[in-house]
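Written below as structure tokens is the structure these notes are about.
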Amino acid sequence: FFAELDVWRDTGRVATFWWRDDDAADETPALTHLLDIAHDTPVSLASIPCDATVALANAIANRPNVSVLQHGYAHANHAPPTEKKAEFGPHRPPDAMHRDLAAGFKRLRDLFGTRFRPTFVPPWNRMAGVVAPLLPKVGFQSFSTYGPIRKSLALTQVNTHADIINWRGGRKFLGENAVLDLMTSHLLARRQGEAAEKGPTGLLTHHAVHDDACWRFIEDLVRAITDHPAAAWKTIDA
């Protein structure tokens, strides 16, 4: 990872990063810990509209580095047991999903004001093709999932590329080497023209399930990227 950053430095480039943290709903010790680690590093909280509280809005009121994105509506699974979980998958009528999108958008805009950014984050990073055309109708300007950009969709995408949680391995820290390998792979793809060079490399965290190893890694990573001369954190707006 650091060798790749050094190559960016030696070639006069700056590797950009952005940070998305999912499932924000309330002010909790875990959320406070995350925001304290971030300090002035930009972080976007993907908040579940049905669960978002005034306490969460108050918790970020004096933290100008924090923005809020829309994380589904109720984070409810509508897929059958034989399929992967999805709230906005191909299992519901588009009209029903449109209503949820609009209701969630209004709630977060009313609750967070200018901190709310018109970016949609589908739960479980899954979204049916019929959803994308609905997003601009509601007011969304972009969406964020996980992995490579879906080039067939015209709407702006700001994806994440390195999830620090091992969901299939006990919901624990994926491991330093594994996470850094994910980030390095995306940086290399950007540098070699296989991914958009100006598209930031996205870190994905889930504060509510972090173990001690997760917290240590995030703290070290934020500091390392901040201190490297060829690396920079970007806001969702940038």
Checklist outcome for this item: Reduced to Cα centres, the span from the stretch 78-108 to the stretch 206-238 in Å works out to 30
Checklist entry - Based solely on its DSSP helices, what 222 nm [θ] is calculated for the chain when runs of n ≥ 4 H residues each add -39,500 (n - 2.57) and the sum is averaged over all residues, nearest 500 deg cm²/dmol? => result -10500 deg cm²/dmol
Checklist entry - aspartates and glutamates near LYS234 by alpha-carbon distance under 20 Å, same-chain residues fewer than 8 away left out - which ones? => result GLU4, ASP6, ASP21, ASP22, ASP36, ASP40, ASP163, GLU197, GLU219, ASP220
Checklist entry - In debye to the nearest 20, how big a dipole does the stretch 132-201 give about its Cα centre with +1 on each Lys and Arg Cβ and -1 on each Asp and Glu Cβ? => result 220
Checklist entry - Can you give the % of DSSP beta bridges in the chain that are antiparallel, to the nearest 5? => result 5
Item to check | Among LEU101, LEU174, LEU187: highest mean-square fluctuation, GNM of the chain, C-alpha pairs under 10 Å | outcome: LEU174
Next on the checklist: Could you work out how much longer the chain between HIS91 and CYS50 gets when fully extended? Use 0.36 nm per residue separation minus the Cα distance between them, nm to one decimal.
Outcome noted: 12.8 nm
Checklist entry - Taking 0.36 nm per residue of separation and subtracting the Cα-Cα distance, what length does fully extending THR156 through ALA30 add? => result 42.3 nm
Checklist outcome for this item: Contour minus Cα-Cα span, HIS78 to ARG9, at 0.36 nm per residue, comes to 20.2 nm
Checklist entry - If you work out Cα extents along the principal axes in Å from the coordinates, which of [x] 68, 45, 30; [y] 51, 39, 36; [z] 59, 54, 40 do you get? => result [y]
Item to check | 12 Å beta-carbon shell around ARG92, net charge (K/R +1, D/E -1) | outcome: -2
Item to check | Local net charge near TRP124, Cβ-Cβ under 13 Å (Lys/Arg +1, Asp/Glu -1) | outcome: -2
Item to check | the chain: angle of helix 29-38 to the longest principal axis, Cα-based, in degrees nearest 10 | outcome: 40
Checklist entry - What nm distance separates the two modelled labels at ASP227 and ASP211, each placed 7 Å from Cα along Cα→Cβ? => result 2.6
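How much net charge surrounds ARG107 when only other residues with a Cβ under 14 Å from its Cβ are counted (Lys, Arg +1; Asp, Glu -1)? Spell out each step's value before the answer.
Working: positive: ARG99, LYS106, ARG109, ARG115; negative: ASP51, ASP100, ASP110.
Charge balance near ARG107 sits at +1.
Each reported figure results from applying straightforward, stated rules to the coordinates on display, with no laboratory input. These figures come from a predicted structure and were not determined experimentally. Cβ: placed from backbone, ideal geometry, glycine included. Neighbour counts: every protein chain shown.
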